[in-house]
Amino acid sequence: VLEGARVFRGLDEAVADLSEVIGTSARQRDMTITIVSPEEAARLAVGTLANFARGGARAGYMFGSERNGLTNEDLVYADRILQIPTNPAFSSLNLGQAVQICGYEY
């Protein structure tokens with residue numbers, strides 16, 4: 001995996017070849033963007049990846065830092081926002097937890 005890793009100059013370059021970008025955020029945003037559950041995000045990603053296998057689209061998840069998450073400027077690149085249901089008093093997950101939930105097979 002590490003040998004295949006690529007480094008990008010910016011987020012715009014990192015998502016340029018993706019046709020479906022799912023950003024993650026626990027916060028409510030004053031943005032016009034569809035919010036999806038982990039199950040919906042997984043179905044979208046799997047469908048997009050199936051299309052990729054036939055020579056089509058690519059999908060990716062976008063995670064922010066554990067400290068601050070994604071900014072509104074980051075989320076401009078997202079097609080949808082994934083919100084993981086949590087206790088409202090403790091809505092933030094660490095990166096490992098969020099990735100594990102997104103990687104779960106629904």
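The values are calculated or read from the model by the stated rules, or taken from the named source; none is laboratory data. All of these numbers come straight from a predicted model, not from anything done at the bench. FYI the Cβ positions are ideal-geometry reconstructions off the backbone, even for glycines, and counts take in every protein chain you see. Note: areas computed on protein heavy atoms with side chains; ligands, DNA, RNA excluded. Shrake-Rupley method; radii C 1.70, N 1.55, O 1.52, S 1.80 Å.
Per atom type, the chain shows carbon and sulfur on 52% of its accessible surface, probed at 1.4 Å. Nearest-5 percent of antiparallel DSSP beta bridges in the chain? The antiparallel proportion sits near 10 percent. If you add up the charges near Arg80, with Lys and Arg at +1 and Asp and Glu at -1, over every other residue whose beta carbon is less than 10 angstrom from its beta carbon, what do you get? Value of the local net charge: -3. Between Val76 and Ala50, the simple label model (points 7 Å from Cα in the Cβ direction) yields a spacing of 3.4 nm. Computed over protein heavy atoms with a 1.4 Å probe, the accessible surface of the chain works out to 70 Å² per residue.
About the Cα centre of segment 1-83, what is the dipole size in debye to 20, counting +1 per Lys and Arg Cβ and -1 per Asp and Glu Cβ, all else neutral?
Roughly 120 debye, rounded to the nearest 20.
Its alpha carbons give segment 2-106 an Rg and a Dmax of 13.8, 44 Å.
Taking segment 77-95 and a reference point 7 angstrom along Cα→Cβ of Leu11, the backbone N atoms nearer than 16 Å belong to 77-83. You can think of it this way: the chain between Val1 and Ser65 has 20.9 nm of extra reach, that is 0.36 nm per residue less the Cα-Cα gap.
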